[in-house]
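The values are calculated or read from the model by the stated rules, or taken from the named source; none is laboratory data. Model, not experiment: these values are computed from the prediction. Here the Cβ is made from the backbone with ideal geometry for all residues, glycine too, and neighbour counts use every protein chain on show. Note: accessible area is taken over every heavy atom of the protein model, side chains too, but ligands, DNA and RNA are not part of it. Shrake-Rupley method; radii C 1.70, N 1.55, O 1.52, S 1.80 Å.
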Amino acid sequence: MDHLQLARRLRITPRMFLPDDRYATLVAFLEGGNAVTNGDFLRGFNEWVQERLHGPGYRSSVHWSAEIAESVAGRARNGLTMTEALEEQAKERLLDELDGFLSADPRPATVD
């Protein structure tokens, strides 16, 4: 299964890969996959998300997961917690961004 297929399966059957429905769990799963591939899985994803959310050339040290959560929750976000509805929106946004990123990435990649 390649990375794009994995990202799409996460949307269709998340419980096949994740123990719960929290945004933080999805983020941890993706970061784990990134660690296993020595950073290749998500290489450039932080910049991709920042440019998609803030425009070309935007750079920040803020992690992509926080950028996406903030883009969805905005001021409604209470510290690190979000309502269930906002978590769902954040997961959808994350999977949308990941799909776009992996679709545009010319590097062949597989998950064993």
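Observations on the structure shown:
- Taking only protein heavy atoms and a 1.4 Å probe, the accessible area of the range 1-74 is 54% carbon and sulfur.
- Accessible-area order (highest first, 1.4 angstrom probe) of the listed residues Val72, Val62, Val36, Val49: Val36, Val62, Val72, Val49
- Taking Kirkwood radius over Cα pairs in Å as calculated from this structure, the corresponding entry among (i) 15.4; (ii) 15.0; (iii) 14.5 is (iii).
- Helices in the chain, meaning DSSP H runs of at least 4 residues, each add -39500 (n - 2.57). Divided by all residues, the mean residue ellipticity at 222 nm is -18500 deg cm²/dmol.
- Phe101 - accessible surface, heavy atoms, 1.4 Å probe, Å² rounded to 10: 20 Å²
- Cut-off 11 Å between beta-carbons: net charge of the residues surrounding Gly57, Lys and Arg +1, Asp and Glu -1: -1
- Taking a sphere under 12 Å around the Cβ of Leu10 and counting the other residues whose Cβ falls inside, with K and R at +1 and D and E at -1, yields a net charge of +1.
- Accessible-area value, Thr81, 1.4 Å probe, nucleic acids and ligands omitted, Å²: 90 Å²
- Each label point was placed 7 Å from the Cα along the Cα-to-Cβ direction; for Gln5 and Glu92 their separation is 2.7 nm.
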